[in-house]
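The structure appears below as structure tokens.
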Amino acid sequence: MNTSGIDNFAPVHRNISQVMESANSNALKEALKSFFASIPHDWHRKNNIAEYEGYWATVMYTLFAGMGYEIKAEDTTNRGRLDLMVKTSKNIWLFEFKVKGI
């Protein structure tokens, strides 16, 4: 990812980008919690979309793709399938999505 445009990001995206480059998984967890909390509850109040892994995977895919990261979704390897890979200028993040009792 070209981070020269990071100053043009909204504050939440700038924070996520900085954390992605730092490789601090606990800080990423908190930044993503903040991001997810910004999605209005009314958008999925009358349906159970948040109970599906695909909802969360799509939100994350869209977030990282929109930030300009190199991403691969549902990548099949000799060890199984990876839900999402995000490559930054310094790190590679691997994500596996599971939904547990919402």
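The values are calculated or read from the model by the stated rules, or taken from the named source; none is laboratory data. If you're wondering where the values come from, they're calculated on a predicted model, not measured in any experiment. Cβ sites come from the backbone with ideal geometry, for glycine too, and all protein chains shown count toward neighbours. Just so you know, the surface numbers come from the protein's heavy atoms only, side chains and all, with ligands and any DNA or RNA stripped out. Shrake-Rupley method; radii C 1.70, N 1.55, O 1.52, S 1.80 Å.
On a per residue basis, segment 34-88 carries 67 Å² of accessible surface, using protein heavy atoms and a 1.4 Å probe. Taking all protein chains as they are arranged and a probe of 1.4 Å, the heavy atoms of I71 leave approximately 40 Å² accessible to solvent.
Of the trypsin sites (Lys or Arg not before Pro) found in segment 17-60, the ones in coil according to DSSP and having at most 16 other Cβ atoms within 10 Å of their Cβ are R45, K46. Once the Kirkwood radius over Cα pairs is known for segment 44-86, the Stokes-Einstein relation at 4 °C and 1.567 mPa s delivers a diffusion coefficient of 112 µm²/s. Rounded to the nearest 10 square angstrom, H13 shows an accessible area of 50 square angstrom against a 1.4 Å probe. For S22, the solvent-accessible surface with a 1.4 Å probe is about 70 Å², rounded to the nearest 10.
With both labels modelled 7 Å from their Cα along Cα-to-Cβ, the R79 to E21 distance reads 2.8 nm. The chymotrypsin sites (Phe, Trp or Tyr not before Pro) of segment 12-102 that meet both conditions, a loop assignment by DSSP and at most 16 other Cβ atoms within 10 Å of the site Cβ, are Y52, F97.
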